[in-house]
1. Give me the extension gain from residue A:108 to residue A:455: residue separation times 0.36 nm, minus the current Cα-Cα distance, reported in nm with one decimal.
2. Which entries in the list A:162/A:426; A:269/A:336; A:162/A:269; A:355/A:479; A:346/A:426 go over 18 Å, if you measure between the two C-alpha atoms of each?
3. Express in Å², to the nearest 10, the accessible area of residue A:111 obtained by rolling a 1.4 Å probe over the protein heavy atoms while all chains stay in place.
4. Report D for the range A:417-497 in µm² per second (integer): Stokes-Einstein, Kirkwood Rh on Cα pairs, 4 °C, 1.567 mPa s.
5. Based on the alpha-carbon set only, what is the convex hull volume of the range A:333-495 divided per residue, in Å³?
6. Roughly how much of residue A:438 is accessible, in Å² to the nearest 10, using a 1.4 Å probe?
7. As a test question: what accessible area, to the nearest 10 Å², does residue A:198 have when a 1.4 Å probe is rolled over all protein chains in place?
8. Taking the Cα centre of the range A:107-323 as origin, sum charge times position over the Cβ atoms of Lys and Arg (+1) and Asp and Glu (-1), and report the length of that vector in debye to the nearest 20.
Amino acid sequence: MDAFELFRKLGAGAKFDLKRFGQDAARDSLLFAVFCLTEAAGGPLKDMEGSGITWTSSLDRKIQNLPSDGKEKSSLKRMKHLHQEKVNRIRSQHRINVHGCDVPDPVSTFEDLQSEYRLSPRVLQNLKDAGLTSPTPVQMQAIPLMMHGRELLACAPTGSGKTLAFCLPLLAQLQQPANLGFRAVVISPTRELANQTYRELLRLSEGVGFRVHIIEKASLAAKKYGPQSNKKYDILVSTPNRLVFLLKQDPPALDFSSVEWLVVDESDKLFEGGKTGFREQLAAVFLACSGSKVRRAFFSATCTPDVEQWCRLNLDNLVSVNIGHRNTAVDSVEQKLLFVGTENGKLVAMRDIIKTGFLPPMLVFVQSIDRARELFHELVYEGINVEVIHADRTQQQRDNVVNSFRAGKIWVLICTALLARGMDFKGVNLVLNYDFPTSSVEYIHRIGRTGRAGHQGKAITFFTENDKPLLRSIANVIKQAGCPVPDYMIGFKKIHR
DNA sequence: AAAAAAC
């Protein structure tokens, strides 16, 4: 073990300890907190971004406590400096940007999670069996943070491993099955995504004995794990509204008083307001987690200023993690805009894509449920394996479609925004935006269904005269991801500014 | 603006 490694180990377990460091340390930490707030608010320290404020602040105290001019002191200082350089190098290499106080070092291998954070060897084996060999950037930084019990807002591109970034620490932190009731809750915007996360947790925790649960029917839920039931689950995955429904029964059919971790996946989506929006539901779930030690983590590929502001104001000692630039499309997708003139032109162009040969499977996004139905009826007689999915279909139909698509039995899947976020289908070769997305955020999520985990993908976006108002913002996203875009789409407004 | 989300 070299000196760097030694210091890494020292740093990994470093926690701020008031009793050990006394009053002075309390004042220092207060100053440090103010410092970080200034930075987070975009103050004069903005240039510190990504430089990595780390555990070394507690090492500083060790150094301070040593006699001045001692040999030990100067060598500690030097090692600290070298270690910090190494950490900064790892962060910049993987485009990891962190904001916050006392951020633990990133981990470079899954094995480190076992040695430093007591991740069970069986979970490690499950990772290997799943073909996962080394952590992605968001995993490198978010996992140590959650292992230290830090509340965080993590923003990382589509298909970059966010699900694993929160599933692993949940399993490692809960350590082993306990009969305490739900200790971790994961919230997703759609049932399909909740189901996918649930399956991921099952796969990772196989052989460890954790009890992971997903609510299938809220009406059966009360019996299954209500107050009378003695079967206690450790982890729950759900969409928010059924939790709200169960929580407000009298007496409540769910007990969230033992919840230690609340993970909000696709957090910007779940922060959408309006009277019937997700935001109110989320608030009700937050409120039900009455335990004193509840920690919250927010994940998404896109982040609104609104979410960030909320996290800054409400989370305890927030750390925000950004991988690469925020709100950008992945560069592993070859993106094209295709002018099709009119509505009619879309169907002609679509038939052309099918006729001239394409590599299935492909996902076709439309803007509404009715549009999905209509397009399905146009294509169902073409002699290709086409299916359609949206929220007006029965849960049984939705499940069947997702399963068949995963099994490769469907070549063309027509869908609404239902499948736009989080879904991880292996090997989608083409995303076709049949209807123009209504925002660049939606565009980023839709095309993120392909080009995942380092694989290549393709996306084609149809546009007509009517789509011109939003064309520029999407064209900018495409250009930023390194794909060619006609100049007239971007240039015009900037020149006149 | 639509979609999603309980029974």
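The values are calculated or read from the model by the stated rules, or taken from the named source; none is laboratory data. Being a predicted model, the structure only gives us computed values, none of them experimental. Here the Cβ positions follow ideal geometry from the backbone for every residue, glycine too, while neighbour counts run over all protein chains shown. Just so you know, the surface numbers come from the protein's heavy atoms only, side chains and all, with ligands and any DNA or RNA stripped out. Shrake-Rupley method; radii C 1.70, N 1.55, O 1.52, S 1.80 Å.
1. In short, 122.8 nm is gained.
2. Result: A:269/A:336; A:355/A:479; A:346/A:426 exceed 18 Å.
3. 80
4. Reported coefficient: 95 µm²/s.
5. Once divided by residue count, the hull of the range A:333-495 is 112 Å³.
6. Roll a 1.4 Å probe over it and residue A:438 shows about 80 Å².
7. About 50 Å², rounded to the nearest 10.
8. Details: 24 positive and 21 negative charges, 132 e Å.
Taking the Cα centre of the range A:107-323 as origin, the dipole is about 640 debye.
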